[in-house]
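Remarks on the structure that follows.
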Amino acid sequence: MITNMGLKKLGFSEDDYVLQDDGDGVYIAKWNSGSSQPTKTQIETAHAQWQTEQDAKAYVRARSDAYPSVADFMEAYTEKEIGSSSTKWDAYVTAYNKVRSDNPKP
């Protein structure tokens, strides 16, 4: 299948082409680039590479959404360093480590 991501992975921008789908699948309706138009196989291969890269980074996206906020960090750190209690810091570290263990690197 021809995709924007496959074409972008090959180094083209959306100014270089116009994709269209009339119900029989996506095709390149207009080619504006000065470079030669890639084949469907080249685009599909590039899309598969892009997808593999995205899948490998899934844990990063999952972690970033689940980590405690910077505000939580600052409050916990401040309490630990300035105050006499490390209760919030301990809770922050526990939450942080849980995110890492729930979303391990591949």
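Quick note: the coordinates plus some simple rules give every number you see, no bench work behind them. Predicted model, so just to flag it, every value in this text is computed and none were measured. With ideal geometry, Cβ positions are generated from the backbone for all residues, glycine too; neighbour counts draw on all protein chains shown.
For this structure, a couple of remarks:
- Between the labelled values (1) 14.5; (2) 17.5; (3) 13.3, the entry that holds Kirkwood radius over Cα pairs in Å as derived from this structure is (2).
- Cα-Cα over 23 Å, subset of K9/K57; K9/K98; K8/K57; K9/K40: K9/K98
- Net dipole in debye of the chain [+1 Lys, Arg Cβ; -1 Asp, Glu Cβ; about Cα centre; nearest 20]: 360
- Each stretch of four or more DSSP H residues adds -39500 (n - 2.57); spread over every residue of the chain, this sum gives -18000 deg cm²/dmol at 222 nm.
- 19 Å Cα-Cα reach of K88 towards aspartates and glutamates, excluding residues that sit fewer than 8 places from it in its own chain: D72, E75, E79
- Between 0 and 90 degrees, the angle of helix 70-82 with respect to the longest Cα principal axis of the chain falls at about 20 degrees.
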